[in-house]
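Shown next, in structure tokens, is the structure this report addresses.
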Amino acid sequence: QGASSGETRIVRKAYFEGAGYVPLLHRAYELWDELGLLTRTGALFLGAETSRVLGGTLATAQQWDLPYELLDAAEVTRRFPAFTPPPGTAGLLEQDAGWVSPEAAVAAQFDRAARAGADLRHGEPVTSWTETAAGVRVTTDAGTYDAGALVVAPGRWAEELLPGLPVPLRVEPRTVRFYAPTDPAQFTPDRFPVWIWERDDGTAPYGFPLLGSGVKAAIHHSTVRPGGDWDAAEVAAMLAPLLPRLGDRVVKELPCTYTMTPDEDYVVGRLPGTAHVVVACGLSGHGFKLTPVLGEVLADLATTGTTAHDLGLFDPQRS
Ligand SMILES: Cc1cc2nc3c(=O)[nH]c(=O)nc-3n(C[C@H](O)[C@H](O)[C@H](O)COP(=O)(O)OP(=O)(O)OC[C@H]3O[C@@H](n4cnc5c(N)ncnc54)[C@H](O)[C@@H]3O)c2cc1C
């Protein structure tokens, strides 16, 4: 039921959402490689040079000296024949980027946790928690547990488990679709990177190469109307100028949700007003790539009260 499914998640480092994410991304990449789960296809960012997606990626790449290539529209098509960028659209290729399977990642992390001694209790919902003198008491539908510290990472259900969180959260529906392309050979991972395109109206679709279920594409962000409000025909029409061989035959459709903060930065840190509770929520539709390092940060905060990472962007106190 959560947000961590759907076959693929983009992992990229030259982060247009903010250069402040890069140190965490460096560590996340180390952990993805340790897990052996990151498939590097490169990431292609498309848009006007002034767009957030292209301009922001370029600014972060330059600030952190990350490798990238700028491509004009003709070069994009020469390198990646499925793409025909509309006039005025430039490309930036980040080679050190790609995708992970959220299902494989979650399974691998559960496996690691179990091997490290964790007692995993799937299907046992938490109904409440409270702080005690020594730590926390957690009540589930099966019993009560006392512990020294509590990590709450409730996704879209944050309101239920974290009432009074200073940062307001908004749950937004999204739909991802898998297409059967009219020319599948153009969409294979060796010639089709993961991509994000910011159109002139600010709408930003994104997608993946041809993998198990088809060519996945969806709307990440839209200034025109909510990202979940675009039907299959509208998305296909939007993508047709960029990807003329994608076609409009949808073979699979999945619902998902983004849990958004007002500034679209995450909420990670000690829960205000508590001594033993740390939280991670409001990942705002771009959190999966950082989950390995967020796990490390949360474990450090819960066990030592501190972390080597700068969490300034994610302060749970901000409102
Ligand atoms: C369509 C889509 C595409 C995305 N694409 C990308 C991408 O390309 N790259 C990227 O980096 N990010 C992407 N994201 C964002 C990323 O997937 C999310 O930020 C991330 O998965 C959120 O993880 P989470 O742990 O906060 O929430 P979830 O994965 O929803 O996990 C929350 C968990 O808490 C559990 N829970 C809640 N309440 C209780 C309770 N009372 N008791 C017990 N358990 C409870 C739920 O069962 C659930 O397992 C995408 C998201 C969506 C929806």
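The values are calculated or read from the model by the stated rules, or taken from the named source; none is laboratory data. None of the values given here were measured: they were computed from a predicted structure. Here the Cβ positions follow ideal geometry from the backbone for every residue, glycine too, while neighbour counts run over all protein chains shown. All accessible areas refer to the heavy atoms of the entire protein, side chains included, with ligands and DNA or RNA removed. Shrake-Rupley method; radii C 1.70, N 1.55, O 1.52, S 1.80 Å.
General remarks:
- Which listed residue is of a type in the set (A, V, I, L, M, F, W, C), in contact with an Asp or Glu (Cβ under 8 Å, 6 or more places away or on another chain) and within 16 Å of the ligand (Cβ to nearest atom), from Ala236, Ala232, Ala218: Ala232
- Set Thr291, Thr306: member being open to solvent by 30 Å² or more (accessible area, probe 1.4 Å) and in a loop (DSSP other than H, G, I, E, B): Thr306
- Qualifying residue in region 250-257 (condition: open to solvent by 50 Å² or more (accessible area, probe 1.4 Å) and without any contact (Cβ under 8 Å) to a residue 12 or more places away in the chain): no
- Boolean, Phe45 is touching a Lys or Arg at 6+ places or on another chain (Cβ under 6 Å) and more than 12 Å from the ligand (Cβ to nearest atom): no
- Pairs, first among the aliphatic types (A, V, I, L, M) in region 10-23, second part of a loop (DSSP other than H, G, I, E, B), C-beta under 7 Å, six or more apart: Val11/Leu38; Val11/Ala97; Ala14/Leu66; Ala14/Tyr68; Ala19/Trp64; Val22/Lys13; Val22/Tyr15; Val22/Trp64
- Selection count where residues are in contact with a Pro (Cβ under 8 Å, 6 or more places away or on another chain), in a strand (DSSP E or B) and open to solvent by 50 Å² or more (accessible area, probe 1.4 Å), scope region 118-149: 0
Okay, residues lined up against (1) touching a helix residue (DSSP H, G or I) at 6+ places or on another chain (Cβ under 7 Å); (2) surrounded by fewer than 14 Cβ atoms within 10 Å (Cβ to Cβ); (3) modelled with pLDDT of 95 or more:
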position: Leu58; (1), (2), (3): no, no, yes
position: Gln63; (1), (2), (3): yes, yes, yes
position: Ala73; (1), (2), (3): no, no, yes
position: Val76; (1), (2), (3): no, no, yes
position: Trp99; (1), (2), (3): no, no, yes
position: Pro102; (1), (2), (3): yes, no, yes
position: Ala108; (1), (2), (3): yes, no, yes
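- Arg270 being under 23 Å from Val171 (Cα atoms), away from the ligand (no atom under 15 Å from the Cβ), among the charged types (D, E, K, R) and crowded, with 16+ Cβ neighbours inside 10 Å: yes
- When Gly42 is tested against the conditions (1) more than 10 Å from Leu290 (Cα to Cα); (2) open to solvent by 10 Å² or more (accessible area, probe 1.4 Å); (3) not β-branched (Val, Ile, Thr), the lone failure is (2).
- Residue in region 131-139 that is assigned by TED's automatic domain parsing to the domain that holds Val297 and modelled with pLDDT under 95 present: yes
- Selected residue (only one of Leu243, Leu283, Leu294, Leu298 is outside the structural domain of Leu25 (by TED's automatic domain parsing) and farther than 18 Å from Glu17 by Cβ): Leu298
- Failed item in (1) away from the ligand (no atom under 16 Å from the Cβ); (2) open to solvent by 40 Å² or more (accessible area, probe 1.4 Å), with Glu7 passing the rest: (1)
- Failed condition for Gln109, given (1) part of a helix (DSSP H, G or I); (2) more than 18 Å from the chain's Cα centre (by Cα): (2)
- Residue under evaluation Gly312, criteria (1) within 22 Å of Pro168 (Cβ to Cβ); (2) within 16 Å of the ligand (Cβ to nearest atom), criterion not met: (2)
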